[in-house]
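Worksheet: one structure, shown below.
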Amino acid sequence: MLSKVFTGAVIGIDGLLMEVEVDIAHGLPAFTTVGLPEASVRESKDRVKAAIVNCGYAFPDDRITVNLAPAHIRKVGTGFDLPIALGILAAAGIFPEDAYCRYIILGELALDGRVKPVTGSLSMAIAAKAAGFAGIMIPFENRLEAAVVEGLDVYPVSTLAGAVAFLRGEKIIDAEKPSPAGQFDPEIAPELDFSEVYGQGHVKRAMEIAAAGAHNLLMIGPPGSGKTMLARRFPGIIPPFEFDEALETTKIYSVAGLLPKGEALVMQRPFRAPHHTISNAGLIGGGGNPRPGEVSLAHNGVLFLDELPEFKKSVLEVLRQPLEDREVTISRAAMSVTYPAGFSLIAALNPCPCGYLTDEKHPCRCTPGQVQKYRNRMSGPLMDRIDLHVEVPNVTYREMSGPEQGESSVEIRKRVTKARNIQSKRFSRLKIHTNAQMGSRHIRKYCAIDDESSQILEGAVDRLGLSARACHRVLKIARTIADLATMPDIIPCHVLEAIQYRSLDRNQSV
């Protein structure tokens, strides 16, 4: 007998519908899986057989052939267990074909018949709805993330026996239907607040500009000056998640198996801070079975690289593509997958190997050659993709003991959101959304400056030796400063402030 069960797999972060065809024919007992199955899929025959027997059903004593279609795509993961088991039972006549043809089915089986969670349930639910299926049958632990998709019935199952009883009409499973609007709360107050940071007013201002224009930011300062503390508060001033942004970020975490238990959506913008010993694959993604890397896990959020020169040079160089294209493409012999990587880069470094070059209270022990070698670990093309450079000095005791606190993250975020809305209207007919994404053509159109501002910029080029790309960075920053001030035109004070945020250019020209 022949049966066909619909299931799916995740390619990148998107779900791809597949068919599990099961044929039971007379012959010597055998269990063959075809259709480019990976090792974990080939091993499913032992899990499936044990689960069927331990749930009290007779396992067919014939020749079983399982075909995973389309056959040219490599099948990875354990989510094929449940559809294969149900396909075998359907081919054996346990329940009629019309009972399961309306659903996408996925889940991993334990030997005792329990249905265990799988990764990528949200992506598969989205694919099931797009294909017109009435519902999706998934493990109980994955029910909340899949139920985010409106217009799709989600049937959570805990055991193989429960799934069979449902398909035979012997058991009713209530569809999980939480309201996405009720789950999604974009106005969650940030856990870490800028009001807790004493002093560093100019750094907070630079971070506000970076958030408003989606610019990348580099902080240079001695140990203990608060670089990490400031970076961890940066996500709190980025505009709140839109539902589509939250959904896309949740898909990445679902595929990576990092979605917190009991949560349906990633509610707050992610903050990822990988250690400097990370590998290329860990940062960008990849591996034998490609997985999202840190740049993708930081999508729509912040990637913080502390002690930037301590990262391997090869690791830093692979950042150039995601910084430019906002996505990562990983090519393998059997497949090519693309992961989104639209993040804000916040990097930090000491001014020299010992860290005290700019510290008035601690003498620096480094020679000029050591300082230059330390900074040369960061390539020019990478530094060209960082718009703002800001120095972070140590905070004085008077600043730490002062009674006044700065603005809260919520207050700063209101101004940032207002500036982002201005940019959204400006670029509404273009493929870009923020000032940081502007190219040369956009800069000429939207960053026009008057004669006085032009003279200021020309003087900065002469004194600091700014490159053409650095000039473009200055103009983009000035445009963001004008947006924060809700001014339609760039004026000289905006250009002057923007020039201040190119401290590395200034240091290199001395």
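The values are calculated or read from the model by the stated rules, or taken from the named source; none is laboratory data. Treat the numbers as computed from the prediction; the structure is a model and nothing was measured. FYI the Cβ positions are ideal-geometry reconstructions off the backbone, even for glycines, and counts take in every protein chain you see. What goes into the accessible areas is simple: the full protein's heavy atoms, side chains included, and nothing from ligands, DNA or RNA. Shrake-Rupley method; radii C 1.70, N 1.55, O 1.52, S 1.80 Å.
Brief remarks follow.
- Test: residue in the stretch 119-142 that is open to solvent by 20 Å² or more (accessible area, probe 1.4 Å) and β-branched (Val, Ile, Thr): yes
- Matching helices (runs of 4 or more DSSP H) fully within the stretch 109-217 where at least 1 residues are at pLDDT 95 or above, more than 30 Å from Ala51 (Cβ to Cβ) and touching a strand residue (DSSP E or B) at 6+ places or on another chain (Cβ under 6 Å): 201-213
- Residues that are surrounded by 15 or more Cβ atoms within 10 Å (Cβ to Cβ), among the small types (Gly, Ala, Ser) and either within 19 Å of Ser279 (Cα to Cα) or touching an Asp or Glu at 6+ places or on another chain (Cβ under 8 Å) (or both), drawn from the stretch 319-347: Ala341, Gly342, Ala347
- Residues in the stretch 298-314 that are among the hydrophobic types (A, V, I, L, M, F, W, C) and either open to solvent by 10 Å² or more (accessible area, probe 1.4 Å) or part of a loop (DSSP other than H, G, I, E, B) (or both): Ala298, Phe311.
- Helices (runs of 4 or more DSSP H) wholly inside the stretch 229-297 containing at least 2 residues that are open to solvent by 30 Å² or more (accessible area, probe 1.4 Å): 243-256, 280-284
- Of all residues in the stretch 181-200, those that are more than 26 Å from Gly151 (Cβ to Cβ) have Cβ atoms under 6 Å from Cβ atoms of residues that are modelled with pLDDT under 70 and open to solvent by 60 Å² or more (accessible area, probe 1.4 Å), 6 or more apart or on another chain, in Ser195/Gln405.
- Leading residue by the ranking (nearest to Phe59 (Cα to Cα)) among those in the stretch 20-35 that are open to solvent by 30 Å² or more (accessible area, probe 1.4 Å) and touching a helix residue (DSSP H, G or I) at 6+ places or on another chain (Cβ under 9 Å): Phe31
- Hits in the stretch 391-412 - residues which are more than 11 Å from Val197 (Cα to Cα), open to solvent by 40 Å² or more (accessible area, probe 1.4 Å) and at pLDDT 80 or above: Glu391, Pro393, Asn394, Val410, Glu411
- Filter result for Arg320 (more than 30 Å from Arg233 (Cβ to Cβ), in contact with a Pro (Cβ under 8 Å, 6 or more places away or on another chain) and of a type in the set (D, E, K, R)): no
- Test: Gly224 is surrounded by fewer than 20 Cβ atoms within 10 Å (Cβ to Cβ) and in contact (Cβ under 8 Å) with a residue 12 or more places away in the chain: yes
- Selection status of Asn350, farther than 30 Å from Tyr253 by Cα, open to solvent by 10 Å² or more (accessible area, probe 1.4 Å) and at pLDDT 90 or above: yes
- In the stretch 54-97, the residues that are of a type in the set (Gly, Ala, Ser), out of contact with any helix residue (DSSP H, G or I) (no Cβ under 9 Å at 6 or more places or on another chain) and open to solvent by 10 Å² or more (accessible area, probe 1.4 Å): Ala69, Ala71, Ala92, Gly93
- Only strands (runs of 3 or more DSSP E) whose full extent lies in the stretch 1-81 are considered here, and the ones with at least 3 residues that are free of Cβ contacts under 8 Å to residues at least 40 places away in the same chain are 30-34.
- Residues in the stretch 143-161 that are farther than 22 Å from Ala127 by Cα, of a type outside the set (Val, Ile, Thr) and open to solvent by 10 Å² or more (accessible area, probe 1.4 Å): Ser158, Ala161.
- At least 1 residues being in contact (Cβ under 8 Å) with a residue 12 or more places away in the chain and farther than 21 Å from Leu382 by Cβ is the threshold, and among the helices (runs of 4 or more DSSP H) wholly inside the stretch 399-510 those reaching it are 409-426, 440-446, 451-464, 468-484, 492-500.
- Being of a type in the set (A, V, I, L, M) and either open to solvent by less than 40 Å² (accessible area, probe 1.4 Å) or touching a His at 6+ places or on another chain (Cβ under 8 Å) (or both) is a property that does not hold for Leu111.
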